[in-house]
Amino acid sequence: MPSVLHELQQAGKSAEIWWDSSPLDFPRWRRHQLATAPDKATRDRWQEQLDRFLCPATPDRSLVRGITTNPSLVAQSVLASPESWRSDIQELIRYQLSPDVESTFALVYEEALRRAAREMLPMWNATGGKFGWVSGQLDPRHMLDADLMLEQALRIARISPNLMVKVPGTKQGYQVVRQLVARGISINSTLSYTVPQFAACARAVEAGLADARAQGIDTGRWRAVFTHMIGRFGANNDLRYEAAIRDIELSRTDLRWAEVAILKRIHRLIQENGHPVKPLLSSLEVDEPRRDGSTLSMHLEQSAGGAVAYTCKPQFIADVMRRESELPVFDPEAIDREVPADVLEKLMWLPSFHRAYDPAGMQPDEFAHYGSFVSTYAEVMSNTRKLIDFVAHQFQTATTSARPLLLV
């Protein structure tokens, strides 16, 4: 039986499934997932599906086409295997002339990206650079400093040819996007929730491509994706607050339509204008069963048939696999279906939705202050600090006598 995600990919010729974690984490997750199967028949079916899920060495067999990572996911990966990383970090400390926490953190992060890229490189080579990409995100602490971001981006891009630099959707981030594209470096615009951010990204990418052509830079193996963090848009508490003070009843389904509406408008702009950027959906969610039995995941069902990439967290894949019997037949024209007019009219009363839906609804200076951006940034920063502290702890235990460490 084909998996839900296989059926989704079949519904659109240009659809892609990505894995939102390190490829090195997949075997452990696969074993855990199979262990949770309720019976032998389910386990056998899941095993067949997962045997064809992530196969970098045999691209024709693999459902997954690319990998996304970020500081949060790298932190989770490292902290899930502390023993295997502890000795590596100690070695990184020993082989620096003047080691400190910051330089070692950077080396640990780059090593995690190097390992993920190495795992996916056979797919990248076999497909001529079409698939097998690994997104490596920039340090979130630098997302308002274009110079620091560009310096780190150029360092990351040199790690492996299949590394795609993941740049935050800030004003400064789009300045970096243009400079990277001008150098023929593939990019992923992340921390993105709105149509104005997509418009800024498209302008930066197209300007960068023009610069690259003028300089004779080869962009034959170049790609750009725009990460719409779809589930995090509806989690924006500003939407609920704005609805409440206007006496507007905002249901869970209305919020899903708000998330989908942003994607549909971005997809339409790409189709109409030929922007060389592909939407990549992250923060995907499954929906609670409704009495009318209408949906497993609006994120999947309303985007089916589109030129869209889907980066799937392990938990999302597990949830979809458990509820695969609820899968409707995907409509290959779903991406072009309009949002119900009454729902869209209701949503347009909410300033946070209106600003996100109108291509000119925000200026680049405002992107980093948008509600969804702020809440996600706080979470990413928290996980980044956890990884930095793990590195700091290795300094404290690098000798037989533990000692306090002053972080300057």
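The test for being touching a residue at least 60 places away in the same chain (Cβ under 8 Å) and either open to solvent by 20 Å² or more (accessible area, probe 1.4 Å) or assigned to a loop (DSSP other than H, G, I, E, B) (or both) does not hold for Asp342. The set of residues in the range 306-320 that are assigned to a helix (DSSP H, G or I), small (Gly, Ala, Ser) and surrounded by 21 or more Cβ atoms within 10 Å (Cβ to Cβ) is empty. Total residues in the range 208-250 satisfying the condition of being open to solvent by 20 Å² or more (accessible area, probe 1.4 Å), of a type in the set (Val, Ile, Thr) and in contact with a Leu (Cβ under 7 Å, 6 or more places away or on another chain): the figure is 1. Of all residues in the range 29-87, those being open to solvent by 10 Å² or more (accessible area, probe 1.4 Å), among the small types (Gly, Ala, Ser) and part of a loop (DSSP other than H, G, I, E, B) number 3. Taken over the range 358-372, residues that are open to solvent by 70 Å² or more (accessible area, probe 1.4 Å) and part of a loop (DSSP other than H, G, I, E, B) amount to 2. The single residue among Ser325, Ser303, Ser375, Ser382 that is part of a loop (DSSP other than H, G, I, E, B) and among the hydroxyl-bearing types (Ser, Thr, Tyr) turns out to be Ser303. Residue check: Ser14 meets all listed conditions (1) touching a residue at least 60 places away in the same chain (Cβ under 8 Å); (2) assigned to a helix (DSSP H, G or I); (3) within 19 Å of Phe330 (Cα to Cα) but one, namely (2). Within the range 163-184, one or more residues are in contact with a Gly (Cβ under 7 Å, 6 or more places away or on another chain), of a type outside the set (A, V, I, L, M) and more than 25 Å from Ala214 (Cβ to Cβ). Regarding the range 321-337, can at least one residue be identified that is among the charged types (D, E, K, R), open to solvent by less than 50 Å² (accessible area, probe 1.4 Å) and farther than 20 Å from Ala202 by Cα? Scanning the range 321-337 turns up at least one residue that is among the charged types (D, E, K, R), open to solvent by less than 50 Å² (accessible area, probe 1.4 Å) and farther than 20 Å from Ala202 by Cα.
The values are calculated or read from the model by the stated rules, or taken from the named source; none is laboratory data. These numbers were taken from a predicted model, which means no experiment stands behind them. In this analysis, Cβ positions are derived from the backbone assuming ideal geometry, glycine residues included, and neighbour counts consider all displayed protein chains. Just the protein is used for accessible areas: all its heavy atoms, side chains included, with ligands, DNA and RNA removed. Shrake-Rupley method; radii C 1.70, N 1.55, O 1.52, S 1.80 Å.
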